[in-house]
Ligand SMILES: Cc1cc2nc3c(=O)[nH]c(=O)nc-3n(C[C@H](O)[C@H](O)[C@H](O)COP(=O)(O)OP(=O)(O)OC[C@H]3O[C@@H](n4cnc5c(N)ncnc54)[C@H](O)[C@@H]3O)c2cc1C
């Protein structure tokens, strides 16, 4: 053999070795890919290429967050044809997308005061996750000790499943662009990417957290000059175990979910600060929610406005539809000092606080409930939002069925349906 043929052979050998190595690595990767990939097939939509769709429903829920998915499930279970339009990619809102997966408070002073669909979802997600539920018979030293650690991922999927089982249609990535009154209710034009949806509906439940539909219709809303800070939830250094512990939080002062521009600003500010912390702490970023949690934007002016005196005195409204329980909990630039309620006090939520003043065929549930700022700082928590969502779902469905408006439905009927569906209804002493 000549030296040149030697070097040629060596080159060929190297090439072969490289090829073999590549093939071995390649097949290892291919094997890994095959081993870790399972397959499911999404249904082919007959109208997938249709950019504009039109449909008619009884109840339209706008916003599938903490209150919204409960409202939709309730409406669906009552046989109302229900559509939920959610601008994000999953249900649960602040509970899931913002990661505040420790809903409270379902209990007060040693007994459960809020149950129903929200509680059903919370307990099922905790059970499926192998977690533990608090013992409500025991009054905790600190109010937050009876919040329920919930797996945000499981919760979101279970919420979807329960919507589907109740016959609720879900439209993600969409939001209303215009809302106009019709002879029988509303026409709502929504937009998503590649989709325009025209909806005729009898009733709207606004669960956007900021009463966005109420604002579009020109009914009065309030928004403070300075709002409570939002929080961006993340975890540095140690693994976040969903359903077991709280995530680290960063206050985002000025956070405002009024529109896409203000929400973008809050997210950019929060994420920039988290990046700074990673650089300074030299710890790994182990978990980060996709968006800021917003505590406060618009509240509606309802037929009733719940005041802090109503709240702290435990006033049982004549038209109460749900209990609420939490300290007065106003976050400011200097932090938060929750003011616990006096022993035995359990506030209630007036049905009138869900109805935008002077409106018909429209109801609100969630943190934009009609209330003064201090009352709202306690009313805005998740169990209360879920309670409002369920009541709104009942009222809107009954109104759609009878061709009336939620305020015209006899309260007795709303109460009795709520009880049939597992909710606890406040009683006058
Ligand atoms: C950081 C933080 C900590 C908190 N801590 C606790 C706690 O420890 N315990 C507790 O119980 N509560 C806590 N809360 C309060 C509670 O989580 C919220 O007040 C509550 O979840 C609000 O529920 P909601 O249904 O009103 O709004 P959200 O859950 O925010 O739902 C609103 C939904 O509407 C969607 N949406 C908005 N606009 C549109 C639109 N135009 N079209 C379509 N969809 C739209 C949103 O994407 C979202 O899914 C906390 C809140 C924050 C932010």
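Bear in mind that the values in this text are calculations on the coordinates, not laboratory data. Nothing here was measured: the structure is a model prediction, and the numbers come from that model. Using ideal geometry, Cβ is built from the backbone for each residue, glycine included, and neighbour counts are taken over all protein chains shown.
Values for this structure:
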read-out	value
Gaussian network model of the chain, springs between alpha carbon atoms under 10 Å - residue of 330, 217, 45 with greatest fluctuation	45
Gained length - residue 109 relative to residue 132, 0.36 nm times residue gap less alpha-carbon distance	6.3 nm
Most mobile listed residue (66, 123, 150) in the chain, GNM with C-alpha springs under 10 Å	123
0 to 90° range, to nearest 10: angle between helix 3-36 axis and the chain longest Cα axis	20
For the stretch 230-288: relative contact order, % (alpha-carbon pairs under 8 angstrom, 6 or more apart)	48
Cβ-Cβ FRET estimate between residue 401 and residue 144, R0 fixed at 45 Å, reported to 0.05	0.70
Residues 201, 207, sorted so that the one with the fewest Cβ neighbours within 10 Å comes first	201, 207
Cα long-axis angle, helix 68-77 against the chain (0 to 90 degrees, to the nearest 10)	70
Sequence of 360, 87 once ranked by neighbouring C-beta atoms within 10 Å, starting from the fewest	360, 87
Net length gained if the chain between residue 283 and residue 416 were fully extended (0.36 nm per residue, minus Cα distance)	42.5 nm
Global form of the chain, assessed from the alpha-carbon gyration tensor, a/c cut-off 1.5	prolate
Cα-based helix-to-principal-axis angle, 152-165 vs the chain, degrees rounded to 10	70
Theoretical ellipticity at 222 nm over the chain - DSSP helices of four or more residues, -39500 (n - 2.57) apiece, nearest 500	-10500 deg cm²/dmol
Segment residue 316-residue 45, extension gain: residue separation times 0.36 nm, minus the distance between their alpha carbons	92.7 nm
Which of 251, 326 has the fewest Cβ neighbours within 10 Å, and the rest in rising order	251, 326
Relative contact order [Cα under 8 Å, 6+ residues apart], the chain, whole percent	20
Max mean-square fluctuation residue, GNM over the chain, Cα-Cα springs under 10 Å, options 61, 369, 417	417
Cα gyration tensor, the stretch 290-371 - rounded (a/c under 1.5), prolate or oblate	oblate
Taking the stretch 324-429 and dividing mean pair separation by its residue count, relative contact order in percent (alpha carbons under 8 Å, at least six apart)	24
The stretch 230-288: C-alpha gyration tensor shape, a/c 1.5 cut-off, then a/b vs b/c	oblate
